[in-house]
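Novice: Below is one structure. I have some questions about it.
The values are calculated or read from the model by the stated rules, or taken from the named source; none is laboratory data. What you see is a predicted model; the values in this text were computed from it and never measured. So basically every Cβ, Gly included, is an ideal-geometry build from the backbone, and we count neighbours across all protein chains shown. With ligands, DNA and RNA removed, areas are computed over all heavy atoms of the protein, side chains included. Shrake-Rupley method; radii C 1.70, N 1.55, O 1.52, S 1.80 Å.
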Number of protein chains: 4
Amino acid sequence: MVIVMEQGATEAQVQKVIEALVEAGYDVHRSSGVQHTVLGAVGTPHVVADPRSIEMFPGVREVIKISEPYKLVGRTFKHDDTIVDLGGVLVGGPEVVVMAGPCSVETREQVGAIGQTVSASGARVLRGGAFKPRTSPYSFQGHGETALRWMRETADESGLAVVSEVMDPRQIEMMLRYVDCLQVGARNMQNFDLLKELGRTRKAVLLKRGLSATIEEWLLSAEYILAGGNMQVVLCERGIRTFENATRNTLDLSAIPVVKKRSHLPIVVDPSHGTGRRDKVIPMARAAVAAGADGLLIEVHNDPDHALSDGAQSLFPEQFDTLMGELRVIAPVLGRSLPLARVPAQR
Amino acid sequence: MVIVMEQGATEAQVQKVIEALVEAGYDVHRSSGVQHTVLGAVGTPHVVADPRSIEMFPGVREVIKISEPYKLVGRTFKHDDTIVDLGGVLVGGPEVVVMAGPCSVETREQVGAIGQTVSASGARVLRGGAFKPRTSPYSFQGHGETALRWMRETADESGLAVVSEVMDPRQIEMMLRYVDCLQVGARNMQNFDLLKELGRTRKAVLLKRGLSATIEEWLLSAEYILAGGNMQVVLCERGIRTFENATRNTLDLSAIPVVKKRSHLPIVVDPSHGTGRRDKVIPMARAAVAAGADGLLIEVHNDPDHALSDGAQSLFPEQFDTLMGELRVIAPVLGRSLPLARVPAQR
Amino acid sequence: MVIVMEQGATEAQVQKVIEALVEAGYDVHRSSGVQHTVLGAVGTPHVVADPRSIEMFPGVREVIKISEPYKLVGRTFKHDDTIVDLGGVLVGGPEVVVMAGPCSVETREQVGAIGQTVSASGARVLRGGAFKPRTSPYSFQGHGETALRWMRETADESGLAVVSEVMDPRQIEMMLRYVDCLQVGARNMQNFDLLKELGRTRKAVLLKRGLSATIEEWLLSAEYILAGGNMQVVLCERGIRTFENATRNTLDLSAIPVVKKRSHLPIVVDPSHGTGRRDKVIPMARAAVAAGADGLLIEVHNDPDHALSDGAQSLFPEQFDTLMGELRVIAPVLGRSLPLARVPAQR
Amino acid sequence: MVIVMEQGATEAQVQKVIEALVEAGYDVHRSSGVQHTVLGAVGTPHVVADPRSIEMFPGVREVIKISEPYKLVGRTFKHDDTIVDLGGVLVGGPEVVVMAGPCSVETREQVGAIGQTVSASGARVLRGGAFKPRTSPYSFQGHGETALRWMRETADESGLAVVSEVMDPRQIEMMLRYVDCLQVGARNMQNFDLLKELGRTRKAVLLKRGLSATIEEWLLSAEYILAGGNMQVVLCERGIRTFENATRNTLDLSAIPVVKKRSHLPIVVDPSHGTGRRDKVIPMARAAVAAGADGLLIEVHNDPDHALSDGAQSLFPEQFDTLMGELRVIAPVLGRSLPLARVPAQR
């Protein structure tokens, strides 16, 4: 913590701040310049001072926190990249991992067909919603455990791993039977009781960034999970809320290099929720890989005839296949690769 | 839903959109102008179309939702103001209700002293944190049930009602024994499983606005509680996240007249979290009442000697008392009042 | 400037940073704690270092600027409140000054009638647009010099001062003949050539806050004017751009106490542009005065029959008169007053 | 314009709105559904109604504008991509055009050396600041015309075109002698008098997006230039202001596909100002090209020894050269190319 005193601060005011900090257990270093006295408070105090409280002392102009409050997620704690094992699929290694599937799981047939097609195009993980967080209580809330069973069966058929969203600590135990990775949605990024419970499991967690969460807050939410003993966390950028309304959210791709510098955890990008429009998903998916993402989360939809009730942000299978081909050209620029497409038996 | 076609849209494109809407069960009305064809889709369809999906049809330029998705919280459903009974204290009626107390409940003595002082100044509800949502897992997480017991005892001594935050559906049952109102924090505004459980209780709920929630999303979260059968909801504006960092958040006081027009639910304001700085709390508390708030949620702190670990946003008892006096002058401009201060026996 | 080194920074890295700072003319103070080495760079260097450049040195984690870059607008430079003389009307003194008038000046009759009515209700300054900054090139751009002449005549008849917006340095000379105060609109807050020219005049300037300007940037724009030798600047909060779209902008009333603490310049509030809706203007005008504003800028409209082409944010004369009465009750809470309404001859 | 009436709106209220619209010259179409009456107002009225004014009519719930107010910049007006000729360099065609150079032009030697190196790496345009918009009046404001002369000489030596920022209408005439493209900075995006003057020239204009400008507002600012008769406009995304502070701004790459759909004008990206940090520039430059940008604006810096006073966002020549090589791999995925690097004589 660095304390900047007002230009006209008296010696008595400076002493009062120093005393309070020393009493709390800080080592205090003082720099007096022509304009300002600056105090550096370091060490491991027995009472952690709230910077805003120090700011209330007379004569103090500004207080700046310096210790990033996260530890386990930081590069200082662990220098090398973490590779997360998602049911055998490695996220954060040389391969760009694509997770694809429907927004909501609707029927066994739907998820089965989508699973086959995305697997053939080179996806490694099946994504799909069984419990859906909906802004309105009157919207469809998901098929629950049934949907999870369908996803598991599909994944086993198609050689995929499974990721699906958990919304309530009471769902975790049941979900562990079906999924390889528990997804925490943007709205629950600071649902701390949920994060604590996930820290007690040993299953991979995909933690989406909250709509208005700074990167620091996002890393601190990951810290909740790591602090519980579960190191298997994948971060997922999915757009932040800004004034711009031409897209659903503003996909913050610069979060990729920022996270890569601060943390050892892998980061993937969800351009489907980030943009909310199919024709924006493809360019932003390419851009995410070009910016260094470890993977993508993409909504794919199999049945154009029912587009009315389906997401406008879902790609058609042939669009997805084309995109995967484009990514195979871009990834090597960053020293990475994507799995080859399998030629499907009868297409 | 209103669909605006591109200027050059063909008749076949227009027909394709109309067919899809009719198939879904909409009544479709068509307006053809010189520049644009506009389709109005009304009625109660059997499949609710996602506006963004319609936007993907060729020839469509823009799709605009028109039905506000909330029902029970709207003025159309219930014209008259709702008055929420918070353990005998009426919020939303002629009295401006002030809820005051410490950020965290620390000791029985602390909360007892603060309860007495805020009650003497005219507060009607004791607020205090027993479970604390903390950005970092290493910060103090609250004294839990013990803190709730201390709050209940204090409130009974001082003639106050009790409000405290709930973070997890599994805490509700226990908390109902101690509190008159369950508070949902900003971070949990879209924790839908928690909202559903609160809809099943018959206890008053104070629902804070999420940091990046639009007013519409906030009302939809309230709708979750009302849809469960619990009509006793108080909304609480506590600041939104913007680019400005001179204050902790930007208190959006214009939310008060907006909510008052759209909804019958009462709205209170929390200037302590909204600004994060003691010297900003007082002017913003006055402003909130001048703008028409039904009440305030204010942090009050009794012990200036331990300011180091306490909130910089807490008022000292004498500041709180002065503020209450100022509010008694402002409230009558809006046809409202605050309770008189009791002259304490030995101050 | 405070430089925080990485936890694992080497001594060589620390020395490299110190050398660069010393070479630039800084006094450098070093604090070494258990976790971090912190460097304080103070003094008056001959080369001002860009904090972001220092951040690029190996081993540096964070660089924090400490010297607020504004001087003349700060409380450190001038402790007492500045009172701006706006054609005989004093802004920043004990009186809350209300500036009222039409959005655009349309006819001599219109502005004449509005001038009389707002003056009778207690306004002291006539506001009105002669040059209009319009988002679209196809919107009405104002009546220019003719409108200014009408405003001057009206103001002289009704005992008011005149404020109107300047958009281009080439307009200043002509405008000085008509107005008592030159307004800089939000879109031009960082039109630095315009600000420099205004610094060369000795006329009062009303500087609106930019839509996405931090309070620090706003004060720095005021600094441009003061640095030119013109100390007569009134700041005007008029709403910032956020994600919320229920109001046109988000009126940031907490800017009032923030500005009051940092600067000696007076601050007024424009709730008309800040909210964009007539029914929100009245509560926010009351709130602004309750929060400590030195004045208000309010659009008033005289002719309800042509509401179609006029601003939805303009008050009707009787609404304005009622509002002024309410403000006369609120202002004394802050030790201030408003002028009494004159009983008009024939109303 | 589409007007949505309240659920309980009376027939008289509906008629009043229709009358006002018809009087203004609109064709009005009415749709009455079970819940809402919806009015579509189309045609070319003689009085353009302000949607917010209509919203003030009793019984009206919401008014939605449908005609995008821009014309000449839209795809409806001109379907095919516009290719802007920037002193012989074509922006918007098959080549990805890179504009590179120093933030500020400091000396003839500096700009000469940078010009040579960026040209050798494949840049086609020299960028550099002669007039600098600075937040503080005490910061370096640029070398003015001298800097422009140096840039012109450098460009002629190295086979480059020149782009530089104009801040004031009074600078245009002089600048036309030196530059191939006049840049409008983010802070001047809505300096309408400047835009009008640029519309009267026949020189290419590079229009940066304002920090808090929506894409629609940005296109409307371009419309000011086109409406003056100058069709040679290049748009430039350079980051928007959000709550996130890990980067200087948030680069909104999704603006690329949005602009491409709505407008025929080319769009380039400035990752240097968009991120403000050298190590973020490279990934975001790659991402911009992958997302479909027609070009890039990149700061390159030649002298690492004076990093203290130079921009932390400038690339070193060898970083720039490596980046250009990466872009040559990515561009073909979108059917585009970059010029080859020339092998410099003595490097």
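Novice: Looking at D:Gly122, D:Gly128, which is the one that is within 18 Å of the chain's Cα centre (by Cα) and small (Gly, Ala, Ser)? Break it down stepwise before answering.
Specialist: Values: D:Gly122 fails: within 18 Å of the chain's Cα centre (by Cα).
Criteria check complete, one pass: D:Gly128.
Novice: Sticking with this one: Taking the options C:Leu226, C:Leu235, C:Leu296, name whichever one is within 13 Å of chain D (Cβ to nearest Cβ), within 24 Å of C:Glu95 (Cβ to Cβ) and either open to solvent by 20 Å² or more (accessible area, probe 1.4 Å) or within 15 Å of the chain's Cα centre (by Cα) (or both). Write out each step before concluding.
Specialist: Details: C:Leu235 fails: within 13 Å of chain D (Cβ to nearest Cβ); C:Leu296 fails: within 13 Å of chain D (Cβ to nearest Cβ).
Exactly one of C:Leu226, C:Leu235, C:Leu296 is within 13 Å of chain D (Cβ to nearest Cβ), within 24 Å of C:Glu95 (Cβ to Cβ) and either open to solvent by 20 Å² or more (accessible area, probe 1.4 Å) or within 15 Å of the chain's Cα centre (by Cα) (or both), namely C:Leu226.
A quick yes/no check of all residues on (1) among the hydrophobic types (A, V, I, L, M, F, W, C); (2) in contact with a Pro (Cβ under 9 Å, 6 or more places away or on another chain); (3) at pLDDT 95 or above:
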site	(1), (2), (3)
D:Ala246	yes, no, no
D:Asn249	no, no, no
D:Asp252	no, no, yes
D:Ala255	yes, no, yes
D:Gly274	no, no, no
D:Gly292	no, yes, yes
D:Leu296	yes, yes, yes
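Novice: Do the conditions hold for B:Arg149, that is, is it within 24 Å of B:Ala312 (Cβ to Cβ) and not hydroxyl-bearing (Ser, Thr, Tyr)? So that I can check it myself, show each step before the final result.
Specialist: Working: within 24 Å of B:Ala312 (Cβ to Cβ): no; not hydroxyl-bearing (Ser, Thr, Tyr): yes.
For B:Arg149, the condition - within 24 Å of B:Ala312 (Cβ to Cβ) and not hydroxyl-bearing (Ser, Thr, Tyr) - is not met.
Novice: Suppose we keep only residues that are more than 8 Å from chain C (Cβ to nearest Cβ) and in contact with a helix residue (DSSP H, G or I) (Cβ under 7 Å, 6 or more places away or on another chain) within segment B:257-266. Which one would you say is modelled with the lowest pLDDT? Give the steps one after another, and end with the answer.
Specialist: Pass one, segment B:257-266, residues more than 8 Å from chain C (Cβ to nearest Cβ): B:259-260, B:262-266.
Filter again for in contact with a helix residue (DSSP H, G or I) (Cβ under 7 Å, 6 or more places away or on another chain), leaving B:259, B:262-263, B:265.
Values: B:Val259: 96, B:Arg262: 91, B:Ser263: 95, B:Leu265: 98.
Within segment B:257-266, the match that is modelled with the lowest pLDDT is B:Arg262.
Novice: Okay, moving on. May I ask you to list the residues in segment B:173-205 that are over 19 Å from B:Ser104 (Cα atoms) and either part of a helix (DSSP H, G or I) or outside the structural domain of B:Phe243 (by TED's automatic domain parsing) (or both)?
Specialist: Residues satisfying the conditions are B:Glu173, B:Phe192, B:Asp193, B:Leu194, B:Leu195, B:Lys196, B:Glu197, B:Leu198, B:Gly199, B:Arg200.
Novice: What tally of residues in segment B:101-110 results from selecting those that are surrounded by fewer than 24 Cβ atoms within 10 Å (Cβ to Cβ) and without any contact (Cβ under 8 Å) to a residue 60 or more places away in the chain? Talk me through it step by step, then tell me what you get.
Specialist: Going residue by residue through segment B:101-110, those that are surrounded by fewer than 24 Cβ atoms within 10 Å (Cβ to Cβ) are B:103-104, B:106-110.
This time we only want the ones that are without any contact (Cβ under 8 Å) to a residue 60 or more places away in the chain, so: B:104, B:106-109.
The qualifying residues number 5.
Novice: Here are some conditions: (1) aromatic (Phe, Trp, Tyr); (2) farther than 27 Å from D:Leu323 by Cβ; (3) open to solvent by less than 10 Å² (accessible area, probe 1.4 Å); (4) more than 9 Å from every other protein chain (Cβ to nearest Cβ). D:Phe192 meets all but one. Which one does it not meet?
Specialist: Unmet condition: (4).
Novice: For A:Glu145, only one of the following conditions fails: (1) more than 14 Å from chain B (Cβ to nearest Cβ); (2) open to solvent by less than 20 Å² (accessible area, probe 1.4 Å); (3) of a type in the set (D, E, K, R). What is its number?
Specialist: The single condition A:Glu145 does not satisfy is (2).
Novice: Return the residues of segment D:206-223 that are in a loop (DSSP other than H, G, I, E, B) and either open to solvent by 10 Å² or more (accessible area, probe 1.4 Å) or of a type in the set (Ser, Thr, Tyr) (or both); say none if nothing qualifies.
Specialist: Our first condition is that a residue be in a loop (DSSP other than H, G, I, E, B); within segment D:206-223, this holds for D:209-214.
Those that are in a loop (DSSP other than H, G, I, E, B) and either open to solvent by 10 Å² or more (accessible area, probe 1.4 Å) or of a type in the set (Ser, Thr, Tyr) (or both): D:Leu211, D:Ser212, D:Thr214.
Novice: Among the residues of segment B:252-292, which ones are assigned to a loop (DSSP other than H, G, I, E, B) and within 17 Å of B:Val96 (Cβ to Cβ)? Give the steps one after another, and end with the answer.
Specialist: Taking segment B:252-292 and keeping what is assigned to a loop (DSSP other than H, G, I, E, B), we get B:252-254, B:264-266, B:270, B:276-277, B:292.
Within segment B:252-292, B:Leu253, B:Leu265, B:Pro266, B:Asp270, B:Gly292 meet the criteria.
Novice: Name the pairs: first residue in segment C:89-100 and of a type in the set (Asp, Glu), second residue open to solvent by 10 Å² or more (accessible area, probe 1.4 Å), Cβ to Cβ under 8 Å, at least 6 apart or on different chains?
Specialist: C:Glu95/C:Arg124; C:Glu95/C:Arg336; C:Glu95/C:Ser337; C:Glu95/C:Leu338; C:Glu95/C:Pro339
Novice: Since D:Glu165 meets every condition but one in (1) open to solvent by less than 10 Å² (accessible area, probe 1.4 Å); (2) assigned to a strand (DSSP E or B), which condition does it not meet?
Specialist: Failed condition: (1).
Novice: Of these, D:Ile54, D:Ile18, which one is modelled with pLDDT of 85 or more and more than 8 Å from chain B (Cβ to nearest Cβ)? Please lay out each step first, then the result.
Specialist: On the way: D:Ile54 fails: modelled with pLDDT of 85 or more.
Answer to the check: D:Ile18.
Novice: Go through (1) within 26 Å of A:Gly335 (Cα to Cα); (2) touching a strand residue (DSSP E or B) at 6+ places or on another chain (Cβ under 7 Å); (3) within 14 Å of chain B (Cβ to nearest Cβ) and name the single condition A:Leu211 misses.
Specialist: Result: A:Leu211 fails condition (1) only.
Novice: Considering (1) touching a residue at least 12 places away in the same chain (Cβ under 8 Å); (2) facing another protein chain (nearest Cβ under 8 Å); (3) touching a helix residue (DSSP H, G or I) at 6+ places or on another chain (Cβ under 8 Å), say which one D:Ala246 fails and leave the rest.
Specialist: So D:Ala246 meets the others, but not (1).
Novice: Can you name every residue in segment B:121-142 that is in contact with a strand residue (DSSP E or B) (Cβ under 7 Å, 6 or more places away or on another chain), more than 14 Å from every other protein chain (Cβ to nearest Cβ) and either open to solvent by 20 Å² or more (accessible area, probe 1.4 Å) or at pLDDT 95 or above (or both)?
Specialist: B:Gly122, B:Ala123, B:Arg124, B:Val125, B:Leu126, B:Arg127
One line per residue, one yes/no per condition, for (1) touching a Cys at 6+ places or on another chain (Cβ under 9 Å); (2) within 19 Å of C:Ser164 (Cβ to Cβ); (3) at the interface with chain D (Cβ under 9 Å from one of its Cβ atoms):
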{"position": "C:Arg202", "(1), (2), (3)": "no, yes, no"}
{"position": "C:Asn230", "(1), (2), (3)": "no, yes, no"}
{"position": "C:Val268", "(1), (2), (3)": "yes, yes, no"}
{"position": "C:Ser272", "(1), (2), (3)": "yes, yes, no"}
{"position": "C:Thr275", "(1), (2), (3)": "no, no, no"}
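Novice: Take segment D:68-97 and flag every residue that is open to solvent by 50 Å² or more (accessible area, probe 1.4 Å), over 23 Å from B:Gln7 (Cβ atoms) and of a type in the set (A, V, I, L, M, F, W, C).
Specialist: Those that are open to solvent by 50 Å² or more (accessible area, probe 1.4 Å), over 23 Å from B:Gln7 (Cβ atoms) and of a type in the set (A, V, I, L, M, F, W, C): D:Ile83, D:Leu90.
Novice: Looking at segment A:168-189, which of its residues are within 21 Å of A:Leu297 (Cα to Cα), open to solvent by 10 Å² or more (accessible area, probe 1.4 Å) and either of a type in the set (Ser, Thr, Tyr) or within 12 Å of chain B (Cβ to nearest Cβ) (or both)?
Specialist: Start the filter on segment A:168-189 by keeping residues that are within 21 Å of A:Leu297 (Cα to Cα), which leaves A:175-176, A:178-189.
Still in the list and also open to solvent by 10 Å² or more (accessible area, probe 1.4 Å): A:176, A:178, A:180, A:183, A:186-187.
A:Tyr178, A:Ala186, A:Arg187 - these are the residues of segment A:168-189 that are within 21 Å of A:Leu297 (Cα to Cα), open to solvent by 10 Å² or more (accessible area, probe 1.4 Å) and either of a type in the set (Ser, Thr, Tyr) or within 12 Å of chain B (Cβ to nearest Cβ) (or both).
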